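The values are calculated or read from the model by the stated rules, or taken from the named source; none is laboratory data. Computed from a predicted structure; not experimentally measured. So basically every Cβ, Gly included, is an ideal-geometry build from the backbone, and we count neighbours across all protein chains shown. Note: areas computed on protein heavy atoms with side chains; ligands, DNA, RNA excluded. Shrake-Rupley method; radii C 1.70, N 1.55, O 1.52, S 1.80 Å.
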Amino acid sequence: MEAADYEVLSVREQLFHERVRECIISTLLFATLYILCHIALTHFKKPAEFTTVDDEDATVNKIALELCTFTLAVALGAVLLLPFSIISNEVLLSLPRNYYIQWLNGSLIHGLWNLVFLFSNLSLIFLMPFAYFFTESEGFAGSRKGVLGRVYETVVMLMLLTLLVLGMVWVASAIVDNNKASRESLYDFWEYYLPYLYSCISFLGVLLLLVCTPLGLARMFSVTGKLLVKPRLLEDLEEQLYCSAFEEAALTRRICNPTSCWLHLDMELLHRQVLALQTQRVLLEKRRKASAWQRNLGYPLAMLCLLVLTGLSVLIVAIHILELLIDEAAMPRGMQDASLGQVSFSKLGSFGAVIQVVLIFYLMISSVVGFYSSPLFRGLRPRWHDTAMTQIIGNCVCLLVLSSALPVFSRTLGLTRFDLLGDFGRFNWLGNFYIVFLYNAAFAGLTTLCLVKTFTAAVRAELIRAFGLDRLPLPVSGFPRASRKTQHQ
């Protein structure tokens with residue numbers, strides 16, 4: 001063999017080893033995410049559904065749980081996708097020729113983006129509908145009972161659903177773009193149909209993030225306030241503990257002696273009031289036992305961090321709005337070649353990249369908090385060891401829709417300059433200036449409105465409680481006057 005042939009073989013062998021190495025790394029990363037998600041779902045599932053007398057139902061629920069675990073792992077991977085890419089770029093910039101990070105390259109990052117896109121399509125279009133129909137199926141009438149009969153019914157339902165969705169996408173494409181070439185491209189199921197369908201789902205996810213994130217940013221202050229110990233501002237905790245114990249003792253006597261009074265007592269209501277008082281007393285005991293550092297330093301610092309992160313997010317979006325008006329390069333776009341390690345995607349270098357990652361995680365957490373705080377999705381909130389299988393499926397679908405839209409959401413708002421890789425950058429609406437501009441303006445406006453309303457209301461309520469104005473007989477805003485009957489009791 002000639003030297004050229006040996007060189008070609010060497011290049012092919014090196015390429016083969018790189019592909020094998022990327023497959024191993026991707027498998028290890030996904031296995032780690034899968035284990036973490038399996039542990040989380042195990043703590044939320046309802047044990048009675050997996051230990052039933054009917055082994056068939058238990059087997060079906062176990063299969064559906066594994067599919068949900070796979071979907072949740074893909075959702076977690078979509079959340080980590082953009083931060084991992086930003087950090088990898090900064091690491092390659094800082095250590096360009098380090099031997100121990102040679103496995104970290106643009107090909108690996110590009111492959112991870114493609115895998116997340118593929119698995120997101122697979123989970124949303126096939127696995128989650130299959131899991132739902134599988135748990136609800138009973139087998140065709142006249143067929144033999146068993147798991148196999150349920151599989152047959154589920155496959156038939158899934159095929160009918162696929163035809164229905166295919167027709168809806170065809171009609172939507174004809175309405176939006178009445179072009180023969182665009183309609184013929186729908187025949188290409190893999191190259192056009194799935195990306196087009198995922199583009200629609202991603203657009204819905206981005207709209208959902210637009211609604212949930214401002215609500216979550218406002219709710220983060222109250223959620224953090226419940227988790228941390230508040231400082232004592234003109235409050236007498238001993239008096240509050242004494243009043244709480246006195247009220248609890250009075251209600252307990254009413255429950256123990258229901259016939260001592262001629263009035264009709266609602267025992268269920270009394271029990272709920274006792275539980276609420278016990279919870280309040282536990283929180284007051286926690287505040288009394290907390291150290292001065294916890295009360296006077298932890299709570300203010302946490303609130304200050306939330307305020308800084310929220311204000312920084314709004315400031316970045318406002319700057320991005322101005323950039324959209326004067327610079328066409330600010331528009332989100334796709335990038336086919338992941339050329340990492342050449343230039344930083346932040347003007348502040350590594351420090352700016354860290355800020356971008358923190359903001360992306362903060363907005364994702366806020367969107368989840370806002371999603372479960374909204375009245376429409378509040379009933380979907382999972383409960384510890386008391387979440388039904390269908391509710392787990394619904395949560396996994398919603399979290400996957402939110403997380404898979406996070407890269408597009410972050411790039412559209414200008415939180416990062418890292419362009420979208422693979423099929424994430426093929427969404428048609430990303431090139432529409434009016435959609436992107438209105439989206440940024442709506443996010444900045446809604447976030448500012450929610451923050452001003454929530455922050456001023458929270459400060460007003462805390463000051464009213466601190467000065468004891470809520471216990472006065474005069475009507476105070478936010479605290480309705482107690483009825484005469486309640487005052488006599």
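Laid out as a table, the results:
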{"quantity": "Condition check for A75: among the small types (G, A, S) and either free of Cβ contacts under 8 Å to residues at least 40 places away in the same chain or not in a helix (DSSP H, G or I) (or both)", "calculated": "no"}
{"quantity": "Yes/no for P375 being surrounded by 15 or more Cβ atoms within 10 Å (Cβ to Cβ), not in a helix (DSSP H, G or I) and not small (G, A, S)", "calculated": "no"}
{"quantity": "Failed criterion for Y34 (all others in (1) modelled with pLDDT of 80 or more; (2) open to solvent by 10 Å² or more (accessible area, probe 1.4 Å); (3) over 26 Å from S367 (Cβ atoms) hold)", "calculated": "(3)"}
{"quantity": "Conditions (1) under 24 Å from I392 (Cβ atoms); (2) modelled with pLDDT of 75 or more; (3) among the aromatic types (F, W, Y): number failed by Y198", "calculated": "(2)"}
{"quantity": "Boolean, L380 is under 30 Å from K46 (Cβ atoms), open to solvent by 20 Å² or more (accessible area, probe 1.4 Å) and of a type outside the set (G, A, S)", "calculated": "yes"}
{"quantity": "Pairs where the first residue, in region 337-357, is assigned to a loop (DSSP other than H, G, I, E, B) and the second is modelled with pLDDT under 80 and aromatic (F, W, Y), C-beta under 7 Å, 6+ apart", "calculated": "F345/F418"}
{"quantity": "Any chance V369 is at pLDDT 85 or above, out of contact with any Asp or Glu (no Cβ under 6 Å at 6 or more places or on another chain) and buried (at least 22 other Cβ atoms within 10 Å of the Cβ)", "calculated": "no"}
{"quantity": "Hits in region 1-15 (condition: at pLDDT below 75 and either within 16 Å of G111 (Cβ to Cβ) or open to solvent by less than 100 Å² (accessible area, probe 1.4 Å) (or both))", "calculated": "A3, A4, D5, V8, L9, S10, V11"}
{"quantity": "Filter pass, G394 being assigned to a loop (DSSP other than H, G, I, E, B) and open to solvent by less than 30 Å² (accessible area, probe 1.4 Å)", "calculated": "no"}
{"quantity": "Failed item, numbered, when S107 is tested on (1) modelled with pLDDT under 85; (2) within 30 Å of L413 (Cα to Cα); (3) buried (at least 20 other Cβ atoms within 10 Å of the Cβ)", "calculated": "(3)"}
{"quantity": "Any hit, region 318-326, residues being in a loop (DSSP other than H, G, I, E, B) and touching a residue at least 24 places away in the same chain (Cβ under 8 Å)", "calculated": "no"}
{"quantity": "Selected residue (criterion: nearest to T42 (Cα to Cα)) from residues of region 397-420 that are among the hydroxyl-bearing types (S, T, Y) and assigned to a helix (DSSP H, G or I)", "calculated": "S403"}
{"quantity": "Filter pass, L148 being open to solvent by 80 Å² or more (accessible area, probe 1.4 Å), of a type outside the set (D, E, K, R) and modelled with pLDDT of 75 or more", "calculated": "yes"}
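Condition check ((1) of a type outside the set (D, E); (2) at pLDDT 85 or above; (3) within 25 Å of L438 (Cβ to Cβ)) across all residues:
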{"site": "V308", "(1), (2), (3)": "yes, yes, no"}
{"site": "L312", "(1), (2), (3)": "yes, yes, yes"}
{"site": "I316", "(1), (2), (3)": "yes, yes, yes"}
{"site": "A329", "(1), (2), (3)": "yes, no, yes"}
{"site": "P332", "(1), (2), (3)": "yes, no, yes"}
{"site": "G341", "(1), (2), (3)": "yes, no, no"}
{"site": "S344", "(1), (2), (3)": "yes, no, no"}
{"site": "Y362", "(1), (2), (3)": "yes, yes, yes"}
{"site": "S373", "(1), (2), (3)": "yes, yes, yes"}
